[in-house]
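Undergrad: I am attaching a structure below and will ask some questions about it afterwards.
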Amino acid sequence: MTSNIAPRSRTRVAVEAHSLRDLYESSEILRVVNVWDAVSTKVVSELAKTRAIATAGHGIAAAHGYPDGEHIPFELMLAALERIVSATELPVSADLDGGFGDAGEAVRRAIGVGISGANIEDQLRPLNESVEVMRAAVQAGEKEDVPFVLNARTDALVKGGDRPREDSIADAIERGRAYLDVGAQCIFVPGVLTADETRTLVEGIGVRRVSVIGLPGALTAAEYEALGVARISYGPMPQNVALTSLKRLGASLLADGVIPEDTEKLNNF
């Protein structure tokens, strides 16, 4: 891949990885508003309370016309990540789906374009296989002299099927502990979690070691923070909200509406 974007130095990526790790370990929950391209990154980066940038794999894929789930070619995903990194001075954590067939190589190349952390899904593979995926991601960072911040995602809840909910929670805890043992910083358990379920996950995995997603019906960031959660992200929802606004604006304009007077100019570089 060729690019005229000036890459981050390996030293800088390592420093940003340390900063990102500190944010996970802070008593204040890390709030990340997921982005999908350079302009969304610029808008979110300029918000006063933004401490780090996190990409939405689903959002990046959709922006390029692909469905979620590693259907987007990895080279195209990598190019999108490089553009996102170039649009911010903050640490960037990427959504690398399930590792695109080789989690270690995906992390190595992501570091090369300035990424200092990532989500990688276990996709509910057998536990021993999932552990090796997470181990490969962590070891790739070590080989690059970057303390890469792995937010290891378990799909124990979202792909648990019709098994009892408590069994899925127990599976998430078992998997989470195993991923922490091979060097993951945090365990991402997507799904709408109740306070009791969140408390059980934090007790089983560890304080400031659980990452959640903010979906309709979920708790607030402050409520998750009080329960010991490390990070809350919002996945494809920010893009969904933006596109909903575009759809409504388009309908209004096609019905002879006008651009709202309070509209800001946010897309200038």
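Coordinate-derived values only; no laboratory data. Computed from a predicted structure; not experimentally measured. FYI the Cβ positions are ideal-geometry reconstructions off the backbone, even for glycines, and counts take in every protein chain you see.
Undergrad: Within 13 Å, Cβ to Cβ, of residue 89, how many net charges do the neighbouring residues add up to if Lys/Arg are +1 and Asp/Glu are -1?
TA: On the way: positive: 8, 12, 42, 51; negative: 16, 46.
Surrounding charge for residue 89 is +2.
Undergrad: While we're looking at this one, here's another question. Mind pulling up the Rg/Rh value for region 211-269? Radius of gyration and Kirkwood radius, both on Cα.
TA: 1.16
Undergrad: Here's another thing I want to ask about it. Classify region 10-250 as rounded, prolate or oblate, taking a ≥ b ≥ c as the square roots of the eigenvalues of its Cα gyration tensor: rounded when a/c is under 1.5, otherwise prolate if a/b is larger than b/c and oblate if not.
TA: Working: a/c = 1.34, a/b = 1.13, b/c = 1.18.
The shape class here is rounded.
Undergrad: Residues in region 84-102 near a label at residue 15, defined as backbone nitrogen under 19 Å from the 7 Å Cα→Cβ point?
TA: Under cut-off, by backbone N: 85-93.
Undergrad: In addition: Who wins for biggest fluctuation among 256, 145, 95 in a Gaussian network model of the chain, springs between alpha carbons below 10 Å?
TA: It is 256.
Undergrad: Related question: What distance in nm separates the two pseudo spin-label positions at residue 245 and residue 195, each 7 Å out from Cα along the beta-carbon direction?
TA: Each label point is offset 7 Å from its Cα along the Cβ direction, giving 3.2 nm.
Undergrad: Return the distance in nm (one decimal) between the two label points of a simple spin-label model at residue 28 and residue 261, each offset 7 Å from Cα along Cα→Cβ.
TA: 3.6
Undergrad: Is the shape of region 177-239 best called rounded, prolate or oblate, per the rule: a/c under 1.5 gives rounded, else a/b larger than b/c gives prolate, else oblate, with a ≥ b ≥ c the square roots of the Cα gyration tensor eigenvalues?
TA: Judged from the Cα gyration tensor, region 177-239 comes out oblate (a/c at least 1.5, b/c at or above a/b).
Undergrad: OK, next. Between the alpha-carbon centers of region 78-120 and region 9-44, tell me the distance in whole angstrom.
TA: Between the Cα centres of region 78-120 and region 9-44 lies a distance of 12 Å.
Undergrad: Now, a different point. Give the distance, in whole Å, between the Cα centre of region 209-240 and the Cα centre of region 123-164.
TA: Here the answer is 19 Å between Cα centres.
Undergrad: For region 160-206, what class follows from the C-alpha gyration tensor (a ≥ b ≥ c being the square roots of its eigenvalues): rounded when a/c is under 1.5, otherwise prolate if a/b is larger than b/c, else oblate?
TA: prolate
Undergrad: Cut-off 10 angstrom, C-alpha nodes, Gaussian network model of the chain. Which of 79, 221, 251 fluctuates the most?
TA: 251
Undergrad: Placing +1 at every Lys and Arg Cβ and -1 at every Asp and Glu Cβ, with all other atoms neutral, what dipole size does the chain have around its Cα centre, in debye to the nearest 20?
TA: Dipole size: approximately 440 debye.
Undergrad: FRET efficiency for residue 39 and residue 222, Cβ-Cβ distance as r, R0 = 25 Å, nearest 0.05? Intermediate results must be reported in sequence, preceding the final value.
TA: On the way: r = 29 Å, r/R0 = 1.16.
It comes out at approximately 0.30.
Undergrad: Would you mind calculating the relative contact order of region 209-269 from Cα pairs under 8 angstrom and at least 6 residues apart, reporting the percent as a whole number?
TA: Averaging sequence separation for qualifying contacts and normalising by length gives 29 percent for region 209-269.
Undergrad: Answer with one residue from 55, 191, 259: the one whose Cα lies farthest towards the positive end of the charge dipole of the chain, charges on Cβ with Lys, Arg +1 and Asp, Glu -1.
TA: 259
Undergrad: Taking 8 Å as the Cα distance limit and 6 or more residues as the minimum spacing, I'd like the relative contact order of the chain as a percentage.
TA: Values: 497 pairs, mean separation 55.3, N = 269.
Computed over the chain, the figure is 21 percent.
Undergrad: Of the lysine pairs in the chain, how many meet both conditions: Cα atoms under 30 Å apart, and a spacing of 8 or more in sequence or different chains?
TA: Step by step, the pairs that qualify in the chain add up to 5.
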